[in-house]
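The values are calculated or read from the model by the stated rules, or taken from the named source; none is laboratory data. Since the model is a prediction, treat every value here as computed from it, not as a measurement. Heads up, the Cβs are rebuilt from the backbone with ideal geometry, glycines too, and the neighbour counts pull from every protein chain shown. The protein model used for the area step is the full one, side chains on, heavy atoms only, and it has no ligands, DNA or RNA in it. Shrake-Rupley method; radii C 1.70, N 1.55, O 1.52, S 1.80 Å.
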Amino acid sequence: MCTKILIADDEMDIVSMLGSFFESKGYLILSAVNGIEVLKQVEQQPDIILLDINMPELDGLEICKRIRDYVSCPILFLTARIEDNDKIKGFAVGGDDYIVKPFSLMELEARVSAHLRREARHTFEAQIKFSGDLTINYSERCLFFVGKRLELAKKEFDIVELLSQNPGQIFDKEHIYERIWGYDSEGDSSVVAEHIRRIRTKIAVYTDRTYIETVWGCGYKWIK
């Protein structure tokens, strides 16, 4: 699948030049010449955005502020000048980098590639965790032991997800119950102990290693 790059600049010559350059490198090009068009193109879920700060209708800083809560891809500002105060504003609204005009196409490509590699690593880390022979796939919501798939019930996996993403942190039964079952659920926190017993029983088929440790009088924690 082609990497989608959104190029947003009010100068058509720059949009055309960058579009041709990145297209020759195998990218799928999305383009915009004003702030309203940027908002429309963001709906196409680009993998990275090159965003001119001085855009008409909505400037780059305002656009970034509006979209940052809805898109996770890197946003690189394009600007003719840059001062410390400008950088602070840009990073404060969620920008990831600055490219100062005029710029080298080779340097720009290197910056784009570096951000995309970093984003890919973060995505991978967010989806999968390795712990000894155990692999937790958060996307598929299941466990693997040396390639063998171990299925968990929904609430069982929710508990594993909560604990494993916060290794070493102790969660008492009440906290786990509120996070997994919700404040308004009927029942009580005693159900947590039963679910953890089931999780341990399923894991014990593959290994005698302890992953969820009971901290007596306090709760449970995931062993790093």
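Structure values in brief
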| item | result |
| --- | --- |
| Cα pair distances of segment 5-121 binned at 5 Å [whole percent] | 2, 12, 25, 28, 22, 10, 1, 0 |
| When the chain is reduced to its Cα atoms, the Kirkwood hydrodynamic radius in Å | 20.7 Å |
| Share of alpha-carbon pairs per 5 Å distance bin for segment 164-223, given as whole % | 4, 18, 26, 26, 17, 7, 2, 0 |
| Accessible surface, per residue, of segment 1-82 when the full set of protein chains is kept, probe 1.4 Å, Å² | 51 Å² |
| Helical mean residue ellipticity (222 nm; -39500 (n - 2.57) per DSSP H run of 4+; nearest 500) of the chain | -13000 deg cm²/dmol |
| The chain - percent relative contact order, Cα under 8 Å, separation 6 or more | 12 percent |
| 10 Å Cβ shell holding at most 14 others, DSSP loop, chymotrypsin sites (Phe, Trp or Tyr not before Pro): longest site-free stretch of the chain | 104-182 |
| For segment 127-224: accessible area per residue (Å², 1.4 Å) | 58 Å² |
| Along the chain, longest interval not containing exposed GluC sites (Glu not before Pro), exposed being DSSP loop plus at most 15 other Cβ atoms within 10 Å | 84-139 |
| Given charges at beta-carbon only (K, R positive; D, E negative), |dipole| of segment 140-224 in Debye | 520 debye |
| Semi-axes of the equivalent ellipsoid for segment 68-111, Cα gyration tensor, largest first, Å | 19, 15, 6 |
| Heavy-atom accessible surface of the chain: percent carbon and sulfur, 1.4 Å | 49 percent |
| Unit charges at the beta carbon, dipole of the chain: most positive-side option, Gly26, His195, Thr210 | Thr210 |
| Dimensionless Rg/Rh of segment 127-216 - Kirkwood Rh, Rg from C-alpha atoms | 0.95 |
| Solution diffusion estimate, µm²/s, Stokes-Einstein, segment 104-180, Kirkwood Rh from C-alpha pairs, 37 °C, viscosity 0.692 mPa s | 222 µm²/s |
| About the Cα centre, charge dipole magnitude for the chain (Lys/Arg +1, Asp/Glu -1 at Cβ), debye | 1180 debye |
| Segment 1-102 - charge dipole about Cα centre, Lys and Arg +1 at Cβ, Asp and Glu -1, debye rounded to 20 | 240 debye |
| Most positive-pole-ward Cα, Leu143, Phe124, Gly95, against dipole of segment 54-148 from beta carbon charges | Leu143 |
